[in-house]
Amino acid sequence: MTSQSPDSAPPGATYDPAAEVVSLTSELIRIDTSNYGDDSGPGERKAAEYVAGLLDEVGIECQVLEDHPGRTQLVARWGGDGSRDDALLVHGHLDVVPAEASDWQVDPFSGEVRDGYVWGRGAVDMKDFDAMLLSVVRARAAAGATPSRPMVLCFTADEEAGGSKGALPLFRDHADLFEGCTEAVGEVGGFSVTVRGRRLYLLESAEKGMAWMRLTARGRAGHGSMLNDDNAVTALAEAVGRIGRHEWPVRLTPTMEVLLATVAELAGTEATPDNAEALVAEFGGAARMLGAVLRNTINPTMLGAGYKVNVIPSEATAHIDGRFLPGHEEEFYATLAELCGDRVDYDFVTSEPAWEMPYAGRVVDAATRSVLAEDPDALVAPYLMSGGTDAKYFSRLGIRTYGFTPLRLPEDLDFTALFHGVDERVPTDALEFGARVFDRFLGEV
């Protein structure tokens, strides 16, 4: 199939934006970029060099950065006909979470194509979008179909560990590379879910804030056989129990109000806080993620105390993963302080603000039109992401950010379970669909 940009291709120029997307996804998966949260993994250098070579082949020069050894990133400027100075940032990360090969049906770093899917770690998070972007850009560049809007292409390191060796130094030390960028697209959005027989494409327009914290209780050390009314382990356990069992109230942000109103219309009702959970259940497997964005959440994840069974320790610690809704940070921390009580203190391991963008403007309009051009009977709506992406850094540069990785998915595929999951895979026809949609998007945005 060939495509021609409506506003930028020379007369008669044709190209296939999806020509390489499947093979590039496989090739990127074969480059192991496992991120263990420290520097013990292979890093992103090999993948970054591969991407730089692909762009160089079509005349796009990259700036390669390495603020930490082996944690390699690249940024390139491309496109623009001089009529506009509002650049679009398109970003994807090169690292992946680790995979235990013995748990998988295939080698997680094989990039094997089987049963209409590309299998491997990163197939959905997010080497699929890296490949989609590269396939579209390479096809357009080779055909001379340069978009009228200038683009900044960015491939980051360390996203899977919070970006401290990736997007953070880019935001902090290299902000000049994003000069002129007014809007951005990256992960995780644009994928379809099926609700009451209709495909609904979810465009990410908000993310919860992140509060990874360490709780500490202190008490009186002593012999395990004696009475002790100042036991740090007891105090910590009681606080962790309160935190883990707390039922947070439903809070609908503007983004979720739009999404639930869309679903409510299909269900023949109206969206309210009272029926929000029932409406989210309409999403099937995706409710696992969307149910977490109706309220603030805190999950206890780690415990630590003591060194010998008959010694009462003077200190006990726990780690918690807290996520708060945009506009509800104050409520989150006030409630956490009550749940911790007087005996338990907390400090931050990582803290990132929530963000929420208006569901309007050029990116939203272009994304909607591009999806509907390929899937006319579908619906498009915004959603709030329960996790975090590199967008949290780029939004702090004043860039309006969205998640748009278009994929038309089978109704019976539990897609959200594949993120960081065993047997991660993406349909080949979804990749080809995504490349066509993203090509249209670059021509319209």
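The values are calculated or read from the model by the stated rules, or taken from the named source; none is laboratory data. For clarity, every value in this text was computed on a predicted model and none was experimentally measured. Heads up, the Cβs are rebuilt from the backbone with ideal geometry, glycines too, and the neighbour counts pull from every protein chain shown. Side chains are part of the model used for accessible areas, which takes the heavy atoms of the whole protein and leaves out ligands, DNA and RNA. Shrake-Rupley method; radii C 1.70, N 1.55, O 1.52, S 1.80 Å.
Observations, loosely collected:
- Residues that are within 36 Å of the chain's Cα centre (by Cα), surrounded by fewer than 16 Cβ atoms within 10 Å (Cβ to Cβ) and part of a loop (DSSP other than H, G, I, E, B) within the stretch 220-249 comprise H246, E247, P249, listed in sequence order.
Residues are listed down the side, and each one gets a yes or a no for (1) open to solvent by less than 50 Å² (accessible area, probe 1.4 Å); (2) over 26 Å from the mean Cα position of the chain (by Cα); (3) not aliphatic (A, V, I, L, M):
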residue	(1), (2), (3)
T255	yes, no, yes
E265	no, yes, yes
G268	no, yes, yes
D274	no, yes, yes
E277	no, no, yes
M289	yes, no, no
G306	yes, yes, yes
G322	yes, no, yes
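- Selection from the stretch 239-272 of residues that are of a type in the set (D, E, K, R) and out of contact with any Lys or Arg (no Cβ under 8 Å at 6 or more places or on another chain): R242, R245, E247, E257, E265, E270
- T182 fulfils the conditions (1) of a type in the set (S, T, Y); (2) in a strand (DSSP E or B); (3) buried (at least 20 other Cβ atoms within 10 Å of the Cβ) except for a single criterion, (3).
- Of everything listed in (1) closer than 27 Å to P98 by Cβ; (2) among the hydroxyl-bearing types (S, T, Y); (3) over 16 Å from the mean Cα position of the chain (by Cα), the single unmet condition for T416 is (3).
- When residues of the stretch 44-97 are limited to those that are part of a loop (DSSP other than H, G, I, E, B) and of a type in the set (D, E), the one farthest from E160 (Cα to Cα): D81
- All positions within the stretch 5-34 that are modelled with pLDDT of 95 or more, open to solvent by 10 Å² or more (accessible area, probe 1.4 Å) and assigned to a loop (DSSP other than H, G, I, E, B): D16, A18, A19, E20, I31, D32
- Of the residues making up the stretch 360-378, just one is closer than 22 Å to L252 by Cβ and buried (at least 20 other Cβ atoms within 10 Å of the Cβ), namely V364.
- Residue that is surrounded by the fewest Cβ atoms within 10 Å (Cβ to Cβ) [pool: residues in the stretch 200-219 that are more than 17 Å from V364 (Cβ to Cβ) and in contact with a Leu (Cβ under 7 Å, 6 or more places away or on another chain)]: L215
- Here M210 fulfils each of the conditions (1) part of a strand (DSSP E or B); (2) at pLDDT 95 or above apart from (2).
- Of all residues in the stretch 330-359, exactly one satisfies the criterion of being over 16 Å from I320 (Cβ atoms), aromatic (F, W, Y) and open to solvent by less than 60 Å² (accessible area, probe 1.4 Å), namely W355.
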